[in-house]
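Worksheet: one structure, shown below.
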Amino acid sequence: MPLDVIGMIGVSPPKDDSTVHVIEGGLSRQFLEDFSRAHDEAGFDLVLVGYTSTSADGWAVATHAASVTKRLGYLVAHRPGFVAPTLAARKAATFDQLSGGRFALHIIAGASDKDNQRDGDYLPKVDRYARAGEYIDVMRRTWTSPEPFDHEGPYYRFSNVRADVQPLQQPSPPIFFGGSSEEALEMGAQRCDVYAIYAEPRAAVAERFADFRHRAAAYGRTPRFSISVRPILGDTEGEAWDRAERILGGIEAAGTDKLTVAGSHRGKPYDHGGDRMLSYAAASDVHDERLWLKIAEATGAPGNTSCLVGTAEQVADSILRYYELGLPPGGGPSDIGYVLIRGFDPFNDAVDFGRELIPRIKAGAAELDAHNAPTNSDSAMASKVTAAAD
């Protein structure tokens, strides 16, 4: 399976070229349309539509963006608990049908209690993940059940559920999730298709993926993975590092004005993942040649704040080093199926990534998969073993 490149669209023009978050602010239809088309034309496969308790509705944003783009898919962030899972299943199936199969769902239980409470959700985080698991179960059953069904669980009760519309992607659109707590990992291992994490030092990423593969295998499942990172490019490596320092300076000068989603600041991690990221930043500003964590340190690591700094060739090479972590020893394509890249100058960076970075990433991933393909002799041996077992 090819490596898909994910971007992230916002709904209003950013104030400057050191933007941490893109989903906040008002709503500009023209900017949304231009931003979505820019990703479509740059070669992105999907774009994430984020979620906060103050931002524009992501379903409506994605629906409109899909109407003005040709091939771009939409990864809609969705918090279980505010819309019934039966209704969410029909909303997702409707979007998937009308867009021609350009839909994916990112389940977020909500790292911030305050952000959830703004929408009236006072469940503790551990219970939010338990509710999310039941929510996904009901959604999948709504998508796939040929007959009406009843459901009664800890959080939801339904009678005679049926849906006249099913997703175009069968049996369901891909379901992403993120999180590093025990309850998050168990919920995701049992139910989700793609485990998404922010870029960390490669050795730590390898350990996290190995752990999740083991967890999912206990449920008979084979997951895929997504890595999220913020590239900072320059025509030369020196220019890229100079730009990185300018971005850091802009974020530090603006203070918490840059961080309204997280309300975080230096030394105060946003969540469990942020705490881990700050520990890496404390050990070193730079890991694995060009994984730069100064912005994560300056912001408390709210969301995607780990960066790869260098030329397009250098950053593509670093991303492909992550991709190699998913290549199976016995041959075959990597199980790292997605990379999410977005910049601090969101619109212009999306255009720039399409010129050289995205083509290099995709060509490199295809080359690695081809190199790791099982040989004819391996296939013949496997056939003989199977025949002997029969």
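Structure summary
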quantity	calculated
For PRO171: the one exception among (1) modelled with pLDDT of 95 or more; (2) open to solvent by 50 Å² or more (accessible area, probe 1.4 Å); (3) over 30 Å from GLY354 (Cα atoms)	(1)
Counted residues, the stretch 325-354 - those being part of a helix (DSSP H, G or I) and either in contact with a Ser or Thr (Cβ under 8 Å, 6 or more places away or on another chain) or without any contact (Cβ under 8 Å) to a residue 60 or more places away in the chain (or both)	1
Restricting the stretch 138-168 to residues that are among the β-branched types (Val, Ile, Thr) and in contact with a His (Cβ under 8 Å, 6 or more places away or on another chain), the residue that is surrounded by the most Cβ atoms within 10 Å (Cβ to Cβ)	VAL138
Hits in the stretch 188-220 (condition: within 18 Å of the chain's Cα centre (by Cα) and among the acidic types (Asp, Glu))	ASP193, GLU200
Cβ pairs under 6 Å, 6+ apart, first in the stretch 286-297 and open to solvent by 30 Å² or more (accessible area, probe 1.4 Å), second of a type outside the set (D, E, K, R)	VAL286/TRP292; HIS287/PRO201; ASP288/PRO201; LYS294/LEU248; GLU297/ALA281
Residue match in the stretch 202-219 (condition: in contact with a Phe, Trp or Tyr (Cβ under 6 Å, 6 or more places away or on another chain), buried (at least 21 other Cβ atoms within 10 Å of the Cβ), under 24 Å from VAL309 (Cβ atoms) and at pLDDT 95 or above)	no
Pair list, Cβ under 8 Å, 6 or more apart: the stretch 37-48 residue more than 18 Å from SER99 (Cβ to Cβ) and in contact (Cβ under 8 Å) with a residue 60 or more places away in the chain, other residue among the β-branched types (Val, Ile, Thr) and open to solvent by less than 30 Å² (accessible area, probe 1.4 Å)	ALA42/ILE358; GLY43/VAL5; GLY43/ILE358
Index of the failed condition, GLY234 passing every other in (1) crowded, with 19+ Cβ neighbours inside 10 Å; (2) closer than 24 Å to VAL47 by Cα; (3) in contact with a Lys or Arg (Cβ under 7 Å, 6 or more places away or on another chain)	(1)
Residue within the stretch 367-379 that is open to solvent by less than 10 Å² (accessible area, probe 1.4 Å), in a helix (DSSP H, G or I) and either modelled with pLDDT under 95 or not basic (Lys, Arg) (or both) present	no
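The values are calculated or read from the model by the stated rules, or taken from the named source; none is laboratory data. Just so you know, these numbers come straight off a predicted model, no measurement behind them. Note that we place each Cβ from the backbone using ideal geometry, even for glycine, and neighbour counts take in every protein chain shown. Surface areas here come from the heavy atoms of the whole protein model, side chains and all, with no ligands, DNA or RNA. Shrake-Rupley method; radii C 1.70, N 1.55, O 1.52, S 1.80 Å.
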